[in-house]
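Peer 1: Here it is: the structure, laid out below.
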Amino acid sequence: MVDIWEELYLRAKEYYHPTEVNSFIYTNHVVCALESKSGQIFTGYCIEGTGGTINLCAERMTLINMYQASGETQVKRIIAFRDTPPTNHGGMPCGICRETLMQFSPKNKETQIMVDYESREIVMLEELLPKWWGDIRG
């Protein structure tokens, strides 16, 4: 039986195929899958453009895909990686992605982030942003 983390990993892995679209755009070298609050799975991949014109991490692309397809903003679980599953805290989202998760919904502080696939170690987003500035806005 496949557990939810394996399902997320396998769904994201389908999109891992680093591609130089042209001399300006590079894609699919980081992939992501998330489980939304409703239990749906969404995927995405990174895209980078020369000069930063279209730079989106895989996590943010996946959030956008989730919102576009379902209107949802809450994330239960998320996994992101390059060619192999995250190990030794390798699945940490960058600061922009952490902030974006929180801005999509402050309830995303409860999002589980896979940081070591083999041991199934996770961290909660709240651990990475313990005193998020948005909480003081009330």
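Peer 1: Along the three principal axes, how long is the stretch 4-137 when you take its alpha carbons, biggest first, rounded to the nearest angstrom?
Peer 2: 43, 34, 29
Peer 1: Using alpha carbons only, how many angstrom separate the centre of the stretch 84-138 from the centre of the stretch 27-57?
Peer 2: 15
Peer 1: Quick check on packing: order 122-128, 66-72 by the mean number of other C-beta atoms within 10 Å, highest mean leading.
Peer 2: Those peptides, ordered most packed to least, come out 122-128, 66-72.
Peer 1: What aspartates and glutamates could a cross-link reach from K13, if we take a straight Cα to Cα line under 16 Å and drop same-chain neighbours fewer than 8 places away?
Peer 2: Filter leaves D3, E35, E59, D83, D116, E118.
Peer 1: Okay, next question. Report relative contact order for the stretch 4-137 in percent, whole number only (criteria: Cα-Cα under 8 Å, sequence separation at least 6).
Peer 2: Relative contact order, the stretch 4-137: 19 percent.
Peer 1: Here's another thing I want to ask about it. Quick one: dipole size for the chain, taken about the Cα centre, charges +1 on Lys/Arg Cβ and -1 on Asp/Glu Cβ, in debye to the nearest 20.
Peer 2: 420
Peer 1: What is the Rg over Rh value, at two decimals, for the stretch 72-138, using alpha-carbon atoms and the Kirkwood definition of Rh?
Peer 2: In the stretch 72-138, Rg relative to Rh is 0.99.
Peer 1: Summing -39500 (n - 2.57) over the DSSP H runs of n ≥ 4 in the chain and dividing by its residue number, what mean residue ellipticity at 222 nm do you reach, to the nearest 500 deg cm²/dmol?
Peer 2: -7500 deg cm²/dmol
Peer 1: I need the per residue convex hull volume for the stretch 1-56, using only the alpha carbons, in cubic angstrom as a whole number.
Peer 2: Once divided by residue count, the hull of the stretch 1-56 is 74 Å³.
Peer 1: Continuing with this model, one more query. Can you tell me the FRET efficiency between Q68 and S119 if r is taken as the Cβ-Cβ distance and R0 is 41 Å, rounded to the nearest 0.05?
Peer 2: 0.80
Bear in mind these aren't lab numbers, they're just calculated from the coordinates by the rules spelled out. Here the structure is a predicted model, which is why all the values come from computation and not from measurement. Using ideal geometry, Cβ is built from the backbone for each residue, glycine included, and neighbour counts are taken over all protein chains shown.
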